[in-house]
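Just so you know, all these numbers are worked out from the coordinates, no wet-lab data involved. Because the structure is a prediction, the values reported are computed rather than measured. So basically every Cβ, Gly included, is an ideal-geometry build from the backbone, and we count neighbours across all protein chains shown.
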Amino acid sequence: MLDKLKLDYGLDFRGNQSLAEFTTFKIGGPAKYFVEVGNRVDLQKALQAAVDNKLKYFIIGGGSNLLVSDDGIDGLVILLRGEKTEINGSEIQVFAGNNWPKFVQFTINSGYEGLEFSGNIPGTVGGAVRGNAGAYGKGVGDFVKEVEVLVVNDKEVSLKILNKQECEFEYRESIFKKNLNYVVAEVVFTLPKTGRSKELQQKEIAEEAKMRCGKQPLKYPSAGCSFKNVIFSDQMLQYKGWETHGKIAAGKFIEEAGLKGKQIGGAKISDEHANFIVNTGNATASDVVQLISLIKMKVRDEFGVQLEEEVQYVGF
Ligand SMILES: Cc1cc2nc3c(=O)[nH]c(=O)nc-3n(C[C@H](O)[C@H](O)[C@H](O)COP(=O)(O)OP(=O)(O)OC[C@H]3O[C@@H](n4cnc5c(N)ncnc54)[C@H](O)[C@@H]3O)c2cc1C
């Protein structure tokens, strides 16, 4: 099968590739088939290979929001890596596999502003747009003009362009999360030219990084926040003092439930940031899943709040 794939599509397919190294959690079994692509044309070929050979496919960008099962993925994993950026006036077009923090630096070096708030969010452009990654009440979707999407159906892979409204961006949500056959191929951002110096913009990002280092357990592998923050509603008036930007931090509920430091196998709720589950060295996906179930149960029982995972499960 591998030889046939290589011959038919001209890409470097591999078999039985461990996925732990492509996730920031450093957890996960192997992919049955694996290929790395660096541009939209090769991404389309890889998806077509999955369609023609009836393989389930899964896209990995920076692997910074993923929990891959210990059994791995019985299908084709397509890893996106790339460098393409094109500037046209206030519009910047970028391949989905570009590294997000490097892309933010690129926009600054090219004289634009707007994305500084997200300059320390790990991952790729495609991952950021799919999850409308963000911080401080802002999301990267706010700056999207349009997205070039590869739509995968039973027989073929076709290109479609969605404008910002059609992307349905909401808090950590987009149409790409709902339509699993939509793959983000390229994104056009609209950004204003900056009136500030590059040094000032970079300082802002560096200071935010320092703040993250103080709050987040960055010396251990993790997938960032395990749960979405909770949208504040009238049913939560008793927790009003915990609210900021219209939300209550999921970590606040976890901490108040007394779960900081709780460990199952090698997976531990961080002592520094209760919404981070860290891999202390030998965590399995099963350890993480058990810890997540425990958190959801305790928070539901104590506060009547249903936490929702931010981390994406794959291969379960
Ligand atoms: C230390 C740390 C800090 C973090 N801080 C933040 C933060 O402040 N704010 C925030 O929002 N997030 C944060 N995250 C989470 C994570 O960085 C973001 O969710 C990031 O945008 C995920 O991008 P990725 O490329 O790594 O996606 P991956 O983890 O590779 O994939 C995540 C999901 O997106 C899908 N996907 C990836 N690329 C594409 C594509 N091109 N088309 C369609 N689907 C695709 C995958 O199939 C998967 O379902 C943090 C993570 C870590 C580890």
Magnitude of the Cβ-charge dipole of the range 13-130, K/R +1 and D/E -1, about the Cα centre, nearest 20 debye?
-> 280
Whole-Hz Karplus couplings 3J(HN,Hα) for the range 139-153, θ = phi - 60° and coefficients 6.51, -1.76, 1.60, Gly and Pro as x, run x, 5, x, 4, 10, 7, 8, 7, 10, 8, 10, 9, 9, 9, 10
Amide H contacts under 5 Å for Ala185, restricted to residues at least 5 apart in sequence or on another chain and with H modeled in the peptide plane, are Glu148, Val149, Leu150
What order do you get for Tyr112, Tyr239 when you list them from fewest to most C-beta neighbours inside 10 Å?
-> Tyr239, Tyr112
In sequence order, calculated HN-Hα J values of the range 154-166 (Karplus, 6.51, -1.76, 1.60; Hz; x Gly/Pro) = 4, 10, 8, 10, 10, 9, 9, 10, 10, 7, 3, 4, 5
Counting only complete DSSP H runs, which helices of the chain cover 20 Å or more along their long axis at the Cα atoms and score a mean Kyte-Doolittle of -0.5 or above?
-> 285-303
Using modelled backbone amide H atoms (1.01 Å from N, in-plane), which distant-in-sequence or interchain residues come within less than 5 Å of Asn98's amide H?
-> Gly82, Val125, Gly126
For the chain, give the share of DSSP beta bridges that are antiparallel, in percent and rounded to the nearest 5; count only bridges with both residues there.
-> 75
Between the range 96-122 and the range 258-316, what is the C-alpha centre distance in whole Å?
-> 30
Mean separation of Cα contacts under 8 Å (6+ apart) over length of the range 218-314, as relative contact order % | 32
Under the definition of Cα pairs under 8 Å and six or more residues apart, what whole-number percent is the relative contact order of the range 2-80?
-> 36
Name the shape class, rounded, prolate or oblate, that the alpha-carbon gyration tensor gives for the chain, where a ≥ b ≥ c are the square roots of its eigenvalues, rounded holds for a/c under 1.5, and otherwise prolate holds if a/b is larger than b/c and oblate otherwise.
-> oblate
Using modelled backbone amide H atoms (1.01 Å from N, in-plane), which distant-in-sequence or interchain residues come within less than 5 Å of Gln17's amide H?
-> Ala31
Estimated dipole of the range 85-198 in Debye, rounded to 20 [Cβ of Lys and Arg +1, of Asp and Glu -1, Cα centre] = 320
So what is the relative contact order for the chain, in percent, with contacts set as C-alpha pairs under 8 Å and at least six apart?
-> 17
Using a cut-off of 12 Å between beta-carbons, work out the net charge of the residues near Glu256 (Lys and Arg +1, Asp and Glu -1, Glu256 not included).
-> +1
One finds, for Glu256 and Gln290 with R0 = 25 angstrom and r their Cβ-Cβ distance, a FRET efficiency to the nearest 0.05 of 0.75
